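Read the structure below first, then the notes.
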Amino acid sequence: MGAIPVLIDRFESRVEDLLVRVCESLQITPTMHSDAEQRYHAIGEWLAGETSPLQSLRPRVYSQGSMRIGTSVRPLSRQEYDLDLVCHFDGVDSARVPNAVMLLDAIEKRLRDHDGYKDKLERKNRCIRVIYANKFHLDVLPACPDRQKLNGCVVVPDRKLEDWKPSNPAGYAKWFLNQCEIRIRKFMEARAMDAEPLPPLESSIEKAPLKHVVQLVKRARDIYFRAQPELAPISIVLTTLAAEAYGGELTVHSAFGPTIAGVVESIRRSGAVRLVVRNPMNPDEDFSEKWDNPAAYAAFVEFVGFLQRTWSNISEQNDSVELSRLLQELFGEELVKNTFAEQAKHIRSLRESGSLGLKKGAATVASLGPGVLQIPRHTFYGDER
Amino acid sequence: MHAAFPWLHYSLKRNEIVWKGTFRPFALSKEYAVRIEFEIGRRPKVRILAPSLATDPNRKVPHTFIDGSLCLHLNEEWSSRFFIADVIMPWLVEWLFFYETWLVTGKWYGGGHGEEIQNPVD
């Protein structure tokens with residue numbers, strides 16, 4: 001027999017299947033993705049193309065944020081997907097710009113010259129937001145090189161401060177994707193030691209458990225802070241903490257618990273003062289400024305504790321109904337019910353294609369293989385009312 | 001049967017054999033006490049003794065008979081030449097899987113007779 005996924009014969013594989021399905025349904029849809037991409041290219045061309053008056057500032061446009069690193073999460077109702085775009089001006093020396101806000105104004109002016117954008121703009125503290133009708137917005141963030149530092153560090157204008165703030169979005173994306181690859185080193189080590197059986201390398205490369213863990217944590221955040229979104233920790237903070245704590249586990253299921261435990265440990269180590277989460281590629285950038293508000297930090301600590309407790313209950317579960325209740329608490333009722341439904345449909349399609357069988361002895365549904373009974377054709381029947 | 005599923009114990013009556021046992025049919029399921037009775041010339045009857053299948057008195061458990069036994073197949077799909085171990089047990093395990101999904105989602109995804117009726121839009 002070929003590689004038929006073994007789904008529900010072991011706790012780990014069944015939970016893994018459920019978690020990956022949750023993540024897949026959190027992903028932006030392909031239609032929305034190509035829509036977003038199109039708009040991203042159009043706006044990039046308008047800002048940085050040959051006909052743009054900004055040309056003399058040598059603009060480069062690139063994406064940043066969750067779309068770039070593959071951790072985007074479908075928003076709860078009424079929120080929008082956000083797509084972040086950096087407009088990086090190689091030709092600008094921040095020391096020679098009298099006021100940092102001028103860079104934001106330059107972007108805004110260029111966008112106002114376009115009939116398609118001029119009525120869709122919103123000024124934000126660090127970017128100009130373009131709001132599209134169909135559930136997403138595009139943040140255009142101006143940046144220019146930080147001449148004091150190497151490694152792609154930039155400075156970005158801050159409207160309120162009327163000054164520059166340190167950042168490094170491109171370096172951050174590289175760092176995150178590199179953290180995802182820890183598992184490949186782990187995988188090679190494990191294989192060298194000929195330890196326990198491992199999933200095929202291709203599938204584990206494809207999946208990048210860290211990205212899924214980040215998606216799950218962000219989704220749990222959205223659910224947990226539904227009633228008080230102003231206290232919710234921001235995505236980049238959660239992403240950074242998860243990526244720092246991730247130990248290279250090969251599955252989402254085995255990565256989630258240790259990653260959360262790592263975050264709990266970071267909180268413990270920081271003691272009475274709040275945790276400071278910096279951009280690993282530019283330590284002067286504090287992602288966690290919002291935690292200067294003690295209420296926001298306390299809420300974050302509570303949230304992480306909740307994640308850890310609920311996850312530990314999940315790991316001890318032996319009952320799919322109870323498991324579903326716990327998963328619903330974390331990720332939302334509708335999403336989790338749909339996930340169970342999708343898994344069941346998959347099991348049914350395996351049966352219909354003759355790929356589902358039963359191991360004798362253990363009486364466990366497993367994929368068809370040696371020593372396994374194929375499930376004969378049948379139709380569930382019953383007294384109808 | 002015993003060789004395939006050692007946790008099942010049987011007793012014999014005149015024309016009838018009854019198997020009983022408790023098992024966990026797949027990863028992440030409850031433990032079920034089951035009773036399978038087979039009378040020569042009739043179709044086997046499968047019942048769940050515990051836990052109780054009906055968790056909500058207002059909802060009929062899908063694919064069960066009025067006497068509470070499970071409907072695993074259409075009449076013509078059963079043949080007395082089948083071995084219970086090879087046929088009824090896989091059907092039972094599968095039934096329990098779709099039953100538990102029904103408990104979670106309120107819908108029956110196992111297909112079968114009356115599928116449209118069994119899946120009202122909630």
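Rule-based calculations on the coordinates, nothing more; no lab input. Since we're looking at a predicted model, the values are computed, not measured. Using ideal geometry, Cβ is built from the backbone for each residue, glycine included, and neighbour counts are taken over all protein chains shown.
Okay, here's what the table says:
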item: Extreme residue, positive dipole direction of the range A:215-319, given options A:242, A:315, A:267 (C-beta unit charges); result: A:315
item: Between helix A:101-112 and chain A: long-axis angle, C-alpha atoms, 0 to 90°, nearest 10; result: 70 degrees
item: Cα Rg over Rh - the protein assembly as shown, Kirkwood; result: 1.08
item: 5 angstrom amide H check on residue B:21, placed H, neighbours 5+ away; result: B:9, B:34
item: Taking A:72, A:52 and counting other C-beta atoms within 10 Å, the order from fewest to most; result: A:52, A:72
item: Nearest 10 degrees, 0 to 90: helix B:84-105 Cα axis against chain B principal axis; result: 20 degrees
item: Helix-only mean residue ellipticity at 222 nm for chain A, each DSSP H run of n ≥ 4 adding -39500 (n - 2.57), per residue, nearest 500; result: -15000 deg cm²/dmol
item: Two-decimal log10 I(q)/I(0) for the range B:9-105, as the Debye equation yields it once each C-alpha is a single scatterer, q = 0.13, 0.22, 0.23 Å⁻¹; result: -0.46, -1.28, -1.38
item: Least to most buried among A:69, A:267 (fewest other Cβ within 10 Å first); result: A:267, A:69
item: Dipole in debye (nearest 20) - the range B:9-105, about Cα centre, beta carbon charges: Lys, Arg +1; Asp, Glu -1; result: 280 debye
item: Relative exposure of B:10, B:99, A:62, judged by other C-beta atoms within 10 Å (fewest first); result: B:10, A:62, B:99
item: Separation in nanometres of the label points that stand 7 Å from Cα toward Cβ, at residue A:349 and residue B:10; result: 3.9 nm
item: Cα long-axis angle, helix A:294-315 against chain A (0 to 90 degrees, to the nearest 10); result: 20 degrees
